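Structure record follows, encoded as C-alpha cells.
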Amino acid sequence: MHENNPDRRLAREKRTLECMIVIYCRATHGAADDICADCRELLEYALDRLDNCGQGPDKPTCAQCVVHCFNPAMRQRVRAVMRYAGPRMFLHHPGLALGHVFDKFRRPRRG
C-alpha cells in the first residue's frame, strides 16, 4: 500500500486525521452531523501543521517525527483523539487505518 505520489499520501493522511476527529467528536461530544467548534479548531490547526510540515513529501507519521511542530496543548488533544479513534478506524475506515499503519514504518528524516 506504499504510495509513490507524496501528494496522494498527504491527502490520505489529512483524510485519516479528519475521520479520526469525527469519530472522536461524535462519541465524546455528541456531535451528530458535524464536529463541534473545539474539534473543528483542532482539525484546522492539525491540517495547517501538515500543510506547513518542514519534513516535506517523505514525512513520517507525526508521532515518529523528530521535529514536533504542534504546541504542547494541541499535541495532547491530538493524542487523545488518536488514542480513542485509532482502534475504531479499522471498523469505520479500514483502508485509511491500514495506510496509517504502513506509514508508521517510514523512517523519519533528521533535522
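The values are calculated or read from the model by the stated rules, or taken from the named source; none is laboratory data. Computed from a prediction, not measured in an experiment: that's the story for all the values here. Glycine also receives a Cβ, built like all others from the backbone with ideal geometry; neighbour counts cover every protein chain displayed.
Figures for the structure shown
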{"quantity": "Residue in the stretch 59-68 that is among the β-branched types (Val, Ile, Thr), modelled with pLDDT under 85 and surrounded by fewer than 16 Cβ atoms within 10 Å (Cβ to Cβ) present", "calculated": "yes"}
{"quantity": "Residues that are among the aromatic types (Phe, Trp, Tyr) and either at pLDDT 75 or above or not in a helix (DSSP H, G or I) (or both), drawn from the stretch 80-111", "calculated": "TYR84, PHE90, PHE105"}
{"quantity": "Candidates ARG15, ARG77, ARG9 - the one that is of a type in the set (D, E, K, R) and either more than 13 Å from the chain's Cα centre (by Cα) or at pLDDT 95 or above (or both)", "calculated": "ARG77"}
{"quantity": "Number of positions in the stretch 32-54 that are among the hydrophobic types (A, V, I, L, M, F, W, C), more than 12 Å from LEU10 (Cα to Cα) and part of a helix (DSSP H, G or I)", "calculated": "5"}
{"quantity": "Every pair of residues 6+ apart whose Cβ atoms lie under 7 Å, when the first sits in the stretch 71-93 and is within 17 Å of GLU44 (Cβ to Cβ) and of a type in the set (D, E, K, R) while the second is at pLDDT below 90 and exposed (fewer than 15 other Cβ atoms within 10 Å of the Cβ)", "calculated": "ARG75/HIS68"}
